[in-house]
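First comes the structure, then the notes that go with it.
The values are calculated or read from the model by the stated rules, or taken from the named source; none is laboratory data. Just so it is clear, the structure is predicted and the values come from calculations on it, not from any experiment. Quick reminder, even Gly has a Cβ in these numbers, built from the backbone with ideal geometry, and neighbours come from all protein chains shown.
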Ligand SMILES: Cc1ncc(C[n+]2csc(CCOP(=O)(O)OP(=O)(O)O)c2C)c(N)n1
Ligand SMILES: Cc1ncc(C[n+]2csc(CCOP(=O)(O)OP(=O)(O)O)c2C)c(N)n1
Ligand SMILES: [Mg+2]
Ligand SMILES: [Mg+2]
């Protein structure tokens, strides 16, 4: 798997694509994996086996497209809660995702100390994050500054939702990164809603990308339902950025196909017709269709892949459910780092 | 005095100017008054009679030009510490300014509770402010929203330095005001420095005005050493704004001719040659020259005006020095508003 | 009249205040759709233009409320979770709390900030926090922490009428858990008073929010064992009702303070210090605090969450120890 | 070696740390030009590229430092005045304090935030604040409050070496006021310890910063009157050295806590509560706190400022009262 996450098309790109056939299949696989995991988590939540789910359904193309344009092991992620698929590309396994969803003791992200979907893995260069939106954008700037000072060539991928760009920390992070020309990719997944609030309540400009103009940061809007387009946009920006081109702001226009979280009732504020319209653009369906149309893979091969993923997720959930919970007194400890 | 602060040119504009002769003289008078007050305050500080001075020297044209484009008694001010001259236009007397500088009991701004230059006067619609920069921009948005809800036609003038635009509150205020199309004039006095830091350390764009593009806010750069130009720019924006045109961002390019404050030693960071270059553009000298050149007033009349101001300031300082200090136990009280 | 929940009491008080005073308006994230806890359900429809969705930015929610209040409106801001108020710490501490003081009463701020706090809902580290110690240390801001629906109603109305900034803390675990018939129930109408809600001779327990209810449950259990508890419902953090607190402490000579917040620097310290200074001669035992452990925040998993939060059993155990002292 | 001021001790420790560890860097507003108090004077020249002027934005100073520390650098951030740190409250409370805890030690933050606090310089409401009560209530962040130059040096070095976030508070009034020969002076090298700096039999005084020096001056004066003071230099707010505090309290049975911060919810409450719980049986008098009054912030005019701040005379008076109890 690791080789395909590499963003270079060593084996030769598939005609009409910036990626090899293997990479394209990998791309689709990650998207399916993320979707199946989200679905399984929601099932567990409905069964009373998980307390809370916040899913990335509808945003898989944006997330996988972006993450595959990065270099796991080299680049840093400062992701946000919906970014399950980004984490998968960076090495998170289905089993780990399930441990996280269930708050299990051995969840590498937080060992049950944080709500699900609060990612973090130092070795994989995934920065631990809180529920407080947009704070991570400043951490990203700091990491990028550190890498610059040490002469390490990398980019920091910092993502958030469009609503989160209203916060002061968004401004301060883009300002800081632009002043120092730091290698940060600010990636905004504009899914149309911040819980119940539509984008118009968050900004008076049509695009999040317009916000980049305040900082002289090159900014782009990309169709976030199209994984390949996102890949291309992020790849170009990241390549520039890691070579000293400064930060980039990329807005992926996508859609939150599910309610905000397992606690949310979106019928209170979201027109059913709108949802149905967007459901037609489901990024998994779109990519699947394209892969078949363009001769990348046949229906059978994709169905096979889907079945494998299905089984992987089923197994992971079963396995994770059997793993130990944290002990009550595990609430103590690690307040401070010893030694260091 | 009150009539001349009215921004309408009822008596007919002076040829080539958007203001009447009386208004032009008033404009010059306010600028001289602010300068003389700052100078006198600094003298008092050097004599050990005042603890702290933070002056607007070099920014008088920006301040008076802007304030005269507003409507005292109607419009709100959410100014910042350098805005002595703005306050003068809104009715602050030389005596009051001196009470403030000396932290006297009867200073209407804070009765000695705040450092000098922390303005506030509810009746005059000057919003009390703290030392924390940029917070007032959000208060301005709130006042404008209140006025909108109540159907009162006014603008809120909210000012700060260019360095202060780096703060999250700047972003949040412009974002909020633009979403609700609120009548706020965000006026940034770009004096080239935030204490020792040049503008390049605060932003990667050449103009503060560029920051407005993130919000779809009409933004302008104006020569802040030219009072008449500032007047015109602010007047046009305020007129639009009060009629529902939404917020405006105006950057007045000026220069801080003095050190940051009486505590600062600017020789540590500011090239002497740069200072000398800018001193040639001293806004008082510039306006005086123009008034004479354009036949608005003769040297004698201006000299007379200057002498009057000199005397007004001398008298105000003498008077203020004799006014009572706060009693020690005046530190208590007014923690909460009673009744209300 | 049927018993109402905490949430219904809050919602009802908001509607009542908006009904009787045109200057009252509600603003916050998602409030138009009713808010994530539904505290503002129906208000947007009933009071058009007076329920305002804000951008996702807490400093602006508070900063804009300051401006509204200064102008003469009566904003009631909602911060979606108390944990997210911290980006507005500066606006509250440096601005709102000092507005009246720094102008010697020339200006003032009739504003309320409501926010759900506390644990017990698997909210993890950023949806469970207690914030009264931070924000109760800002003279100039009143901080209210009711426990019963009737007090939620009366004190929210009092807060909205108050010419000063009031931080109104709503314990989210009790939103649907605690019910009360409003009619005939004791209801504090003045901000700044605590109430002795139960009298007993052996030990005084002081608590607020969910912990008050746990304390009452413990007291009930202990009564059966022959241990009598005086229980104080704190109701207000700022102003602090030192008189009632000391009276209750003196009544038994033994004091247990219970809170969810972590121990060191928690608000229980102030209560203990007050008693150690002003009721010292009446004390028969060390002043005990039963609190969350000194870890940064409440963990997510229910086993650890339960370990973190004091409950009726641990309260009863602590009271027994004190009684035996 | 000549006596050095607090400021010189800080500046020297910064240079020493930068000299011995390449990962150490300094960032903040105006630090390249030396900072408004000159604490970083000369460093930019001596360590090119490692002294970084930041934009005027406190949340980013702290947020960027978090990123730097996570990456493996050792940032030493300066907040120009403690009063301006509050915009970074969220980054400190919600992020820095929980970094290690929420990852079970997988990640950690070797970062320091230095900032000048305290009154006595006519700084008015926003250049005089005490912030230890707010930031000392965040388990996961260490908070250091030295009083003597030797401790400033040793504890700043310890803070920079520490793998955890440390808030290092420098009392601005003492910057040039307090001098000490570093050689031979007692210097705490471990964060989390308090020190008994004077022993006497009658009353224990606990203080930090400028108030520690005022307390020592009062103790000197009281000794002449025959009243003996045990004086504790707190040194660390978090972790809190309960052992030394209780030992000192037990030594005299009478305790006075002195701080500049306002009374209610100030950190003195935690110290009093600790003693009331763990040294209760040794107490011979109410635990007294001498603090700033409960007003929002220190006023500007020197008459009111002096009224606000405790000083040696008021400390002596409070000790006399306790001694006579
Ligand atoms: C500072 C802060 N305020 C409020 C919240 C509560 N909250 C959680 S998610 C969310 C909406 C975020 O919207 P957006 O940034 O568009 O991301 P999305 O959830 O749509 O992906 C809100 C308000 C929060 N987590 N943090
Ligand atoms: C939040 C905050 N941080 C730091 C300071 C200290 N400080 C006072 S003025 C100033 C520089 C302000 O620069 P600018 O906004 O350009 O205004 P100018 O003084 O140049 O008019 C700084 C850093 C402050 N007052 N508030
Ligand atoms: Mg969104
Ligand atoms: Mg400036």
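Quick look at the values:
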quantity: Number of positions in the range B:101-120 that are within 21 Å of residue B:57 (Cβ to Cβ) and more than 10 Å from chain D (Cβ to nearest Cβ); calculated: 4
quantity: Yes/no for residue B:20 being at pLDDT 95 or above and either within 21 Å of residue B:266 (Cβ to Cβ) or crowded, with 20+ Cβ neighbours inside 10 Å (or both); calculated: no
quantity: Candidates D:49, D:42 - the one that is more than 14 Å from chain A (Cβ to nearest Cβ) and at positive phi; calculated: D:42
quantity: Breaking point among (1) within 13 Å of another protein chain (Cβ to nearest Cβ); (2) surrounded by fewer than 24 Cβ atoms within 10 Å (Cβ to Cβ); (3) closer than 23 Å to residue D:313 by Cβ, for residue D:253; calculated: (3)
quantity: Residue check for residue A:60: closer than 23 Å to residue A:280 by Cβ and surrounded by fewer than 19 Cβ atoms within 10 Å (Cβ to Cβ); calculated: no
quantity: Among the candidates C:219, C:273, residue that is away from chain D (no Cβ under 14 Å) and either outside any strand (DSSP E or B) or surrounded by 19 or more Cβ atoms within 10 Å (Cβ to Cβ) (or both); calculated: C:219
quantity: Qualifying residue in the range D:21-31 (condition: at pLDDT 95 or above and within 16 Å of ligand 1 (Cβ to nearest atom)); calculated: no
quantity: Single residue of the range B:291-340 satisfying the filter (part of a helix (DSSP H, G or I) and within 14 Å of chain C (Cβ to nearest Cβ)) that is surrounded by the most Cβ atoms within 10 Å (Cβ to Cβ); calculated: B:331
quantity: Of all residues making up the range A:133-144, the number that are within 14 Å of chain B (Cβ to nearest Cβ) and within 16 Å of ligand 1 (Cβ to nearest atom); calculated: 5
quantity: Residue in the range C:140-152 that is in a loop (DSSP other than H, G, I, E, B), touching a helix residue (DSSP H, G or I) at 6+ places or on another chain (Cβ under 9 Å) and within 28 Å of residue B:103 (Cα to Cα) present; calculated: yes
quantity: Pick from the range A:145-196, criterion within 8 Å of ligand 1 (Cβ to nearest atom) and surrounded by fewer than 24 Cβ atoms within 10 Å (Cβ to Cβ), ranking: farthest from residue A:71 (Cα to Cα); calculated: A:195
quantity: Residue in the range C:23-37 that is closer than 24 Å to residue C:182 by Cβ, outside any strand (DSSP E or B), more than 8 Å from chain B (Cβ to nearest Cβ) and without any contact (Cβ under 8 Å) to a residue 12 or more places away in the chain present; calculated: yes
quantity: Leading residue by the ranking (surrounded by the fewest Cβ atoms within 10 Å (Cβ to Cβ)) among those in the range A:197-209 that are within 16 Å of ligand 3 (Cβ to nearest atom) and within 8 Å of chain B (Cβ to nearest Cβ); calculated: A:200
quantity: Boolean, residue A:94 is surrounded by 24 or more Cβ atoms within 10 Å (Cβ to Cβ), away from ligand 2 (no atom under 16 Å from the Cβ) and either touching a residue at least 40 places away in the same chain (Cβ under 8 Å) or within 14 Å of chain C (Cβ to nearest Cβ) (or both); calculated: no
quantity: Subset tally (residues that are assigned to a helix (DSSP H, G or I), away from ligand 2 (no atom under 16 Å from the Cβ) and in contact (Cβ under 8 Å) with a residue 40 or more places away in the chain) for the range B:148-186; calculated: 3
quantity: Residue check for residue D:107: at the interface with chain A (Cβ under 7 Å from one of its Cβ atoms) and surrounded by fewer than 22 Cβ atoms within 10 Å (Cβ to Cβ); calculated: yes
quantity: Given (1) over 21 Å from residue D:75 (Cβ atoms); (2) within 16 Å of ligand 3 (Cβ to nearest atom), index of the condition residue A:137 fails; calculated: (1)
quantity: Among (1) within 11 Å of another protein chain (Cβ to nearest Cβ); (2) outside any strand (DSSP E or B); (3) touching a strand residue (DSSP E or B) at 6+ places or on another chain (Cβ under 7 Å); (4) farther than 25 Å from residue D:95 by Cβ - the single one residue C:314 does not satisfy; calculated: (1)
quantity: Count - residues of the range D:9-25 that are more than 16 Å from residue D:110 (Cα to Cα), touching a strand residue (DSSP E or B) at 6+ places or on another chain (Cβ under 9 Å) and surrounded by fewer than 21 Cβ atoms within 10 Å (Cβ to Cβ); calculated: 1
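Conditions (1) part of a helix (DSSP H, G or I); (2) touching a residue at least 12 places away in the same chain (Cβ under 8 Å); (3) away from ligand 4 (no atom under 16 Å from the Cβ); (4) surrounded by fewer than 24 Cβ atoms within 10 Å (Cβ to Cβ), marked per residue:
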position	(1), (2), (3), (4)
C:63	yes, yes, yes, no
C:66	yes, yes, yes, no
C:75	no, yes, yes, no
C:83	yes, yes, yes, no
C:87	yes, yes, yes, no
C:121	no, yes, yes, yes
C:154	yes, yes, yes, yes
